[in-house]
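Data block below; observations after.
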């Protein structure tokens with residue numbers, strides 16, 4: 001059985017290590033390890049002086065900045081592993097150090113420590129950090145005792161064959177580890193590219209979002225394809241799984257695919273973009289983010305309204321800032337018939353012009369629109385540069401108009417009803433008391 005070979009190998013490794021500890025070159029290698037540790041510790045100040053992570057990674061995503069800090073902080077470990085490995089290779093090639101097993105074992109442990117620090121720097125889950133650390137230390141220990149190949153063969157001896165695909169515990173472990181590393185690396189790279197694209201002034205906001213989404217998708221697909229090829233899985237063997245995905249799309253994922261395609265269409269045709277003020281149904285606000293499945297609208301009262309991309313393609317959408325950022329505001333009001341309509345229009349225009357939010361490039365306009373039952377009706381129109389402040393500006397103009405009317409003794413019209421009597425009512429005689 002393969003596991004019996006593993007047990008015998010571990011026992012043999014224990015005996016070999018015990019015998020090596022009693023040899024004379026053990027203390028020589030231990031002294032060299034201490035010297036390498038001192039040299040690595042001295043190099044820490046050199047790396048800190050030459051690499052300023054704060055200025056070098058300024059503007060990068062938070063996870064990538066944290067990885068760079070860990071990478072620069074782990075440079076002494078890399079120096080220690082390189083020095084010990086070099087000395088081990090040199091001693092193993094001479095008659096002085098024999099096999100140099102202690103140097104090579106220390107180098108493998110240092111490399112495992114370095115890999116654990118780099119990988120776990122982007123992991124927040126403590127359980128996942130523990131599993132990754134345990135797996136790395138187990139691989140390092142098995143490599144030191146020379147049983148890594150034996151354990152690999154034992155894990156590969158048990159397999160399930162599905163057509164042309166052979167699944168074994170070793171293949172699953174390789175696939176999970178490499179896929180996690182590849183997706184992690186692709187995410188870091190996509191975040192770095194996202195920060196670069198977002199700072200580009202030559203691209204419109206819609207084009208920036210489109211390039212960012214395409215970069216994420218392309219990097220993830222490339223990572224998955226490379227990992228599958230690396231572990232020896234033929235992509236043609238996954239045809240049955242792709243067929244199952246197609247059936248799933250046809251049965252229950254139509255909306256997800258529709259929203260994804262609609263999101264790409266919105267980014268390409270530039271009908272909406274981040275920062276636009278839009279109205280979709282009863283929801284109005286500025287677009288704060290455009291994602292693969294939905295857009296996020298900041299309503300202005302602390303809420304974030306999530307609208308599927310499909311609704312923006314199939315429904316009526318009002319984009320207040322599609323062609324220009326200015327917005328036209330109309331205020332309807334009335335005045336009594338004893339007022340001068342020309343004077344009322346001039347007063348309304350002067351009131352609107354005095355409000356700071358009203359645009360000066362397009363003067364306000366006041367028109368007499370109708371002779372109503374209770375008075376004359378007017379419409380005051382003016383432009384503002386920020387459509388999100390439309391209601392506040394309208395309220396301020398109406399309040400200022402009321403104050404101006406009071407100063408000019410102009411009354412607001414109110415309903416007036418005249419009651420006309422046709423004539424006096426005929427008098428009727430009261431019936432006699434005895435005739436009741």
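The values are calculated or read from the model by the stated rules, or taken from the named source; none is laboratory data. On a predicted model such as this, the values are computed, not experimentally measured, just so you know. All Cβ positions, even for glycine, are placed from backbone atoms using ideal geometry, and neighbour counts span all protein chains on display.
Which of the following residues is in contact (Cβ under 8 Å) with a residue 24 or more places away in the chain, surrounded by 18 or more Cβ atoms within 10 Å (Cβ to Cβ) and under 30 Å from residue 413 (Cβ atoms): 347, 328? I'd like the intermediate steps shown before the answer.
On the way: 328 fails: surrounded by 18 or more Cβ atoms within 10 Å (Cβ to Cβ).
Among 347, 328, only 347 is in contact (Cβ under 8 Å) with a residue 24 or more places away in the chain, surrounded by 18 or more Cβ atoms within 10 Å (Cβ to Cβ) and under 30 Å from residue 413 (Cβ atoms).
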Next item on the list: Only residues that are assigned to a helix (DSSP H, G or I) and more than 18 Å from residue 189 (Cβ to Cβ): list them for region 63-84, please.
Entry: 72, 73, 75, 76, 77, 78, 79, 80, 81, 82, 83, 84
Checklist line | Among (1) on the phi > 0 side of the Ramachandran plot; (2) at pLDDT below 80, the one test that residue 281 misses | finding: (2)
Checklist line | Subset tally (residues that are assigned to a helix (DSSP H, G or I) and touching a residue at least 60 places away in the same chain (Cβ under 8 Å)) for region 381-396 | finding: 5
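So that you can scan it fast, the table gives a plain yes or no per residue for (1) under 17 Å from residue 210 (Cβ atoms); (2) surrounded by 19 or more Cβ atoms within 10 Å (Cβ to Cβ):
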{"site": "261", "(1), (2)": "yes, no"}
{"site": "273", "(1), (2)": "yes, yes"}
{"site": "276", "(1), (2)": "yes, yes"}
{"site": "280", "(1), (2)": "no, yes"}
{"site": "299", "(1), (2)": "no, no"}
{"site": "303", "(1), (2)": "no, no"}
{"site": "315", "(1), (2)": "no, no"}
{"site": "319", "(1), (2)": "no, no"}
Margin query: Please go through region 286-325 and give me each residue that is outside any loop (DSSP other than H, G, I, E, B), without any contact (Cβ under 8 Å) to a residue 40 or more places away in the chain and more than 16 Å from residue 256 (Cβ to Cβ), ordered by number.
Written below: 287, 288, 289, 296, 297, 298, 304, 305
Next item on the list: Assess whether residue 88 counts as being over 38 Å from the mean Cα position of the chain (by Cα), over 29 Å from residue 188 (Cα atoms) and modelled with pLDDT under 70.
Entry: no
